[in-house]
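Quick note: the coordinates plus some simple rules give every number you see, no bench work behind them. Computed from a predicted model, the values in this text were never measured in an experiment. Here the Cβ positions follow ideal geometry from the backbone for every residue, glycine too, while neighbour counts run over all protein chains shown.
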Amino acid sequence: MNIKQLLLGISTLVASSIVFAAPTVDEIVNRTNYTAYYQGQDGKAKVKMTISDAQNRTRTREFVILRRDVPTTDELAGNAYEGDQKMYVYFSRPADVNKMVFLVLKKKQGLDNRWLYLPALDLVKRIAASDKRTSFVGSDFLYEDVSGRNLSADKHVLIGEDANYYIVENTPIAASEVEFSKYVMYIHKTTFLPISTEYYDKKGVKYKTYTALAVDTIDGHPTITKSEAKNLQTGGSTLMEYSSVQYDQGIPDDIFSERYLRKPPRKLLR
Amino acid sequence: MTQAKHDSPTVNPIVLFSINHPKIITWVMTLITVIIVSLAALPNFYPKELSFLPTIKVDTDPENMLADDEHARVYNQQMKTEFSLSDIVVVGVTNKNNANGVFNSKTLANIHELTQFAMGLSWPDKKHPEKTAGVISIDLLSPSTVDFIEQGGLGSVNFSWLMSEPPKTDAEALLVRERAKKIPFLDGTLISDDGEALALYIPLTDKHLSYQVREELLAKIASFGDIQESYYITGLPVAEDTFGVEMFKQMAISAPLAMLVIFLLLWWFFKRLIFVTSPMIVAMVCAMSTMGLLIITGHTIHIMSSMIPIFIMPIAILDAVHILSDFFDRYNTIRDKRETIIHVMSELFTPMLITTLTTIAGFASLALTPIPPVQVFGIFIAIGVFLAWLWSITFIPAFIVSISDEKLESFISATDKDDKKQKTLMARLLVKLGRFTYNHALLIILFTVSLVGVAAYGISKINVNDNPIKWFAASHPIRVADRVLNEHFGGTYMAYLALEVDQNSTQNADFKPALLARLETAEQQAKADEYANTGVIFTLAQQSIQNHTGDIASLSPVLEALINTGFDNASDEEFDTWDQVQLFMDSESQRDQIFKQPDALGYLADLQTYINSLEVVGKSNSLSDVVKTVHRELLLGKPEEFRIPDSSNAVAQTLITYQNSHRPHDLWHFVTPDYRKTSLWIQLKSGDNQDMDFVEKAVAKYIASHPMPHNLQANWFGLTHINVVWQEKMVTGMFESFTGSFLVVLVMMILLFRSFSWGLLSMIPLTVTVGLIYGIIGLIGKDYDMPVAVLSSLSIGLAVDYAIHFLSRAREYTERYGSWEAAVEPLFSEPAMAIARNAIVVGVGFLPLLAAPLVPYQTVGVFIASILFLAGVSSLLILPALITLMPRLFFRNLKQTV
């Protein structure tokens, strides 16, 4: 158990002992965003992605994600649940996309910076990030699912709870910019992990679900190690399996630069 | 005259029974018909209570021209599933009131709204309540739903919706056009070639929803109020559904109308309603019971089967008219209805039986064609013809004997006067005609021979072609929409060419040298990249390959085991090297992803260039266009980068970039996820089968002279191809079935007349009629389509009838009057009159079909009339002329013959 976790435990204890009541909806979504995207100062995971279509034809992609948070705090009180973040996604398989890299400099204010390195064309390409709700490498996960959606983009309402979950409904503030009308998250009460999320289209019909299929506590951080996105419109689904998840590895900041797109940090990706 | 001879009780016992018990016959016929009709009709009103009986099912699906298990159909279905292709409703939008066409803010706002509306058109599926049926919104193509790729600022590439919201200004609207024109997939498909029109492609879960979707869209468009633009809704599913609706109108209006005209003509000929009603009753009973039986047996109402009543009615009336016509003439001399009818029936029984059998043979032969709807059509008409014969020989005599003597007396005396009047008209003409045939026999034959020559030339000009869209009259909204859309766009008729690896192709036996060479390259690369212990580790892999004795498939588990052991025992540095070996193996396994290989895509692109050069092709889309477009935009949008990149890795990375879009699934319309099958979309400018046939032949030739790489093979699918397949089957099938029934009828004729020469003679009017009809079709350039093909069977059915009646009387009269010359005049009074009346009544009766909005019915109307007219004329002209020229051949045993 490290200091951070201890502090976290204390702060939770303090918060709950003082209020003696359910946390506010903002507290819930902030903690959820923290556990989903901001745990530790940095993190690394190997991911195997299996994309299936309605006819059960599958394709796989394997990649390593390196992440580093810009704010130096990992405390909720210090707004560690949001802030700028850097991501380096290195593809290893299938062989024909080996060494492909996707780099994101996520910004709390303004547009993210995104780069794509295509080794076979020896091409580094900036991607205009006008819309983050596009598919992540052809899967049923969107870029925004991988990098996280800005908390201020939605209005959050706690619409219910049961023994295990807070049920939070999120309605987009700029409705015309997204394809959904709302999404409902089922947030686990003790870990604050979004165990299940359901998206509804403009007609109010559920069209997409995300479900956590396995959770592990790694370095004290409750972590989703297997999750599935189901597209109810296409009948397709994507399974993401995380392995070798590690936090606070001291990933150097300069890795997240154009220079490292062409020359991947082999040791960090092992 | 030897009356006794004819009155001898040789008359058929069934006929005799009918004459003796007219009421029973009437009741039996009524009862049977009522039962059949109720069994067919009631389940539609009480589907639950009578669930064991089938309801009326309409089938307008051109695919059903082929049997369910027909290879072309099974393959089409399989490919449609593999490439996730659906049936599509096309909405074309034009705006003639604006210089920029539809590209103004107002029109695009309406199109955006219509798109949103269309995307919401789904309902719970009736069969699977947990699913929805309707528009497949994720595959809908509209400016509002498609992605677009372009150069962004700072050398970046921008993926975005083409039109996420309606443009606020006309300048923004023009930008939508400018962007769409740059994407080959959209140009000519979504946006018209002239840049003025747009088309929305609305895919459906089930094509049978298209009528409903169309109605909803029309209502939505109407709600826009006063608008500048015009909307045209088409697409094959819409055409099919609309056709079904029109078909019912047709059956409800045209068939009864034809019936009414026949009725009026019969009335004009026979003057007394009481005589006219009986053939009408027989015709109605036969048409209704046949359709009833069709429905009870669970068959569908198809374009072909919907024509059954129209075919049965004239045939049903033929026999009745013969009986009545004969009865008329005889009653005057015999003056006893019972004796007259016995006389008439004994005289007509055999020819009627034979004409019925020949007609049945003609239609039943259609059961031998490979086209299910045509089989059903032939079999049920054969049943109807049998019923017509049965009720004609029972009910008609029963009906006549039921008429009171007084009525008959007054009726006959009234017609006597009319008869004289008629003699001044038609009868006199016929007598003259008889004399003419006797005096100018050679002239007639020479004239016929020259006509047949012209017909033969016409037949050589016949153009085999069908087009379901052309089943609608030119002014029909469906045809108008079709014309407008095909003027603006690359064509709305989709043909698909699947390229796939031939599963039966033999594997290269000695795979090792090439594999080892590639491993060597991978090793050199790994060395260059400074992986640890490369030489040792790669050598282990190399040895494994060299020592392997089995085929290539059994090699991969061996290498996998080697790599896994390597991973387990490796140091951190060596781990990366083993990873390089595994990477090599993975890239080896990807070698069979044929459609990532630049040579396969290059071939596809060249094939496309060739196909696009064909005149009937408007446009084509393929995987190679997708790759080229994305490649160009990745490389700063330079026109010279609109090409297939040089390596399969580059292709794969281009495609994964493409999939970072809002619609990653679009790719799977062009290639399967294993990259072993691809579909090339071809947009044809017309739905003419001959155009598709032309493209298929041209492509086959191209492939023959440009062999495909990777053991690929090409197969067509899509409705346009299915149409070509059934058309080919129709042409050969019809020819075989016609030849078969021609021979059967010939044998029957030889047996009937107990003479080869008489048998052959009786086939001449039929042969001339069919020859002339198809000659005319060839000469006027009318396409040989399905209704036309079926007409040959009708010719057998009707044309031989006249010949049988004429020749059997000719024989009888020659015997009775002692010589052919003496027989000509009586032959051209009553028998010729019956034939002429028949031809006129039935022929004219079908002319109301010309007013039909559906072209197949018009075709049938015109050609039935022509067949009847030609068969009548050729029977009355050619037969006597031939007998006159060669009397010895036909009357060898007749001493009195000249």
Original post:
Whose amide H sits under 5 Å from the amide H of A:Val70, counting only residues 5 or more places off or on another chain, with H placed in the peptide plane?
Top reply: A:Asp84, A:Gln85, A:Lys86
Original post:
Which of the lysines could a cross-linker span from B:Lys527 if the Cα-Cα distance has to be under 16 Å and same-chain partners fewer than 8 positions apart are dropped?
Top reply: A:Lys263
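Among rounded, prolate and oblate, which fits chain A when a ≥ b ≥ c are the square roots of the eigenvalues of its C-alpha gyration tensor, a/c under 1.5 means rounded, and a/b larger than b/c means prolate?
Details: a/c = 1.65, a/b = 1.22, b/c = 1.35.
Since a/c reaches 1.5 but b/c is at least a/b, the shape of chain A is classed as oblate.
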Subject >> 3J(HN,Hα) from dihedral phi, the stretch B:779-793, Karplus parametrisation 6.51/-1.76/1.60, rounded to Hz, x for glycine, proline >> reply: 5, 7, x, 6, 5, 7, 10, 5, x, 5, 4, 5, 4, 4, 5
Subject >> In sequence order, calculated HN-Hα J values of the stretch A:102-118 (Karplus, 6.51, -1.76, 1.60; Hz; x Gly/Pro) >> reply: 10, 10, 10, 10, 7, 10, 6, 10, x, 7, 5, 9, 10, 10, 10, 10, 10
Original post:
So which aspartates and glutamates pass the test for A:Lys226, namely a Cα distance under 20 Å, with those fewer than 8 places away in the same chain ruled out?
Top reply: A:Asp42, A:Asp53, A:Glu62, A:Asp140, A:Glu144, A:Asp145, A:Glu198, A:Asp216, A:Glu241
**OP:** Note down the nm distance, to one decimal, between modelled labels 7 Å out along Cα→Cβ at B:Ala714 and at B:Gln77.
**Re:** 2.7 nm
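With each run of n ≥ 4 DSSP H residues scored as -39500 (n - 2.57), what mean residue ellipticity at 222 nm is computed for the protein assembly as shown after dividing by its residue count and rounding to the nearest 500 deg cm²/dmol? Intermediate results must be reported in sequence, preceding the final value.
On the way: 36 runs with 607 residues, N = 1168.
Here the helix-only value at 222 nm equals -17500 deg cm²/dmol.
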**OP:** Mind listing the long-range amide H neighbours of B:Asp125? Cut-off is under 5 Å, sequence gap 5 or more, other chains count too, H placed in the peptide plane at 1.01 Å from N.
**Re:** B:Lys131, B:Thr132, B:Ala133
Original post:
Using the Cβ atoms and a cut-off under 10 Å, what net charge is assigned to the surroundings of A:Asp201, where Lys and Arg are +1 and Asp and Glu are -1?
Top reply: +4
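Give me the net charge for the shell around A:Tyr186: Cβ to Cβ below 15 angstrom, other residues only, Lys and Arg +1, Asp and Glu -1.
Values: positive: A:Arg31, A:Lys182, A:Lys189, A:Lys206, A:Lys208, A:Lys230; negative: A:Glu161, A:Asp162, A:Glu169, A:Glu198, A:Glu228.
Around A:Tyr186, the charge tally is +1.
Report the GluC sites (Glu not before Pro) located in the stretch B:115-184 that are in a DSSP loop and have at most 16 other Cβ atoms inside 10 Å of their Cβ, or state none.
On the way: sites: B:Glu130, B:Glu150, B:Glu172, B:Glu178; in loops: B:Glu130.
Answer by residue number: B:Glu130.
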Original post:
Which of the lysines could a cross-linker span from B:Lys48 if the Cα-Cα distance has to be under 17 Å and same-chain partners fewer than 8 positions apart are dropped?
Top reply: B:Lys57, B:Lys126, B:Lys127
Original post:
Under 5 Å between amide H atoms, partner at least 5 residues away or on a different chain: which partners does B:Asp87 have, H built in plane at 1.01 Å?
Top reply: B:Leu204
Subject >> Estimated dipole of the stretch B:679-769 in Debye, rounded to 20 [Cβ of Lys and Arg +1, of Asp and Glu -1, Cα centre] >> reply: 160 debye
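Would you please calculate the Kirkwood hydrodynamic radius of the stretch A:49-111 over all C-alpha pairs and express it in Å, rounded to one decimal? Don't skip to the answer; put the middle values down first.
Details: mean 1/r = 0.0711 Å⁻¹.
In the stretch A:49-111 this quantity evaluates to 14.1 Å.
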Subject >> Nearest-ten-degree value, helix B:405-422 long axis tilted from longest Cα axis of chain B >> reply: 80 degrees
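For B:Arg179, what charge total do you get from the other residues with a beta carbon under 12 Å from its beta carbon, if Lys and Arg give +1 and Asp and Glu give -1? Before the final figure, lay out each step's value.
Details: positive: B:Arg177, B:Lys181, B:Lys182; negative: B:Asp147, B:Glu150, B:Glu172, B:Glu178, B:Asp187, B:Glu633.
Once all neighbours under 12 Å are counted, the net charge is -3.
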Subject >> Candidates A:Arg68, A:Arg31, A:Arg149: whichever shows maximal mean-square fluctuation once chain A is modelled as a Gaussian network with Cα springs under 10 Å >> reply: A:Arg149
Original post:
Angle, helix B:308-334 long axis vs. longest principal axis of chain B, Cα atoms, 0 to 90°, nearest 10?
Top reply: 0 degrees
Original post:
Relative to the longest principal Cα axis of chain B, at what angle does helix B:534-547 sit, 0 to 90 degrees, rounded to 10?
Top reply: 40 degrees
Original post:
Just going by the charge dipole of chain B, with Lys and Arg at +1 and Asp and Glu at -1 on Cβ, which of B:Val454, B:Phe224, B:Ile835 is farthest out on the positive end?
Top reply: B:Ile835
**OP:** Provide the FRET efficiency to the nearest 0.05 for the B:Lys182-B:Glu640 pair, computing r from the beta carbons and using R0 = 22 Å.
**Re:** 0.90
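Taking the stretch B:598-667, which chymotrypsin sites (Phe, Trp or Tyr not before Pro) meet the DSSP loop condition and have no more than 16 other C-beta atoms within 10 Å?
Values: sites: B:Tyr603, B:Tyr610, B:Phe642, B:Tyr658; in loops: B:Phe642.
Listed in order of number, the matching sites are B:Phe642.
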Subject >> For the stretch B:603-608, 3J(HN,Hα) per residue [Karplus equation, 6.51 cos²θ - 1.76 cosθ + 1.60, θ = phi - 60°, Hz, x = Gly/Pro] >> reply: 4, 4, 5, 5, 4, 5
Original post:
Hey, got the Cα dimensions of the protein assembly as shown along the principal axes, in Å, largest first?
Top reply: 130, 71, 58
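Relative contact order (percent) for chain B, with alpha-carbon contacts under 8 angstrom and 6 or more residues of separation? Walk me through the numbers before you get to the answer.
Numbers: 1341 pairs, mean separation 166.3, N = 898.
Across chain B, relative contact order equals 19 percent.
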**OP:** For the stretch B:778-807 and the stretch B:481-554, write down the distance between their C-alpha centroids in whole Å.
**Re:** 59 Å
Original post:
When every alpha-carbon pair in chain B is counted, what percent end up more than 56 Å apart?
Top reply: 32 percent
Original post:
Are there chymotrypsin sites (Phe, Trp or Tyr not before Pro) in the stretch B:830-898 that DSSP marks as loop and that have at most 10 other Cβ atoms within 10 Å, and which are they?
Top reply: none
**OP:** Could you calculate the contour length gain from B:Phe447 to B:Asp586, that is, 0.36 nm times the residue separation minus the distance between their Cα atoms, to one decimal place in nm?
**Re:** 42.0 nm
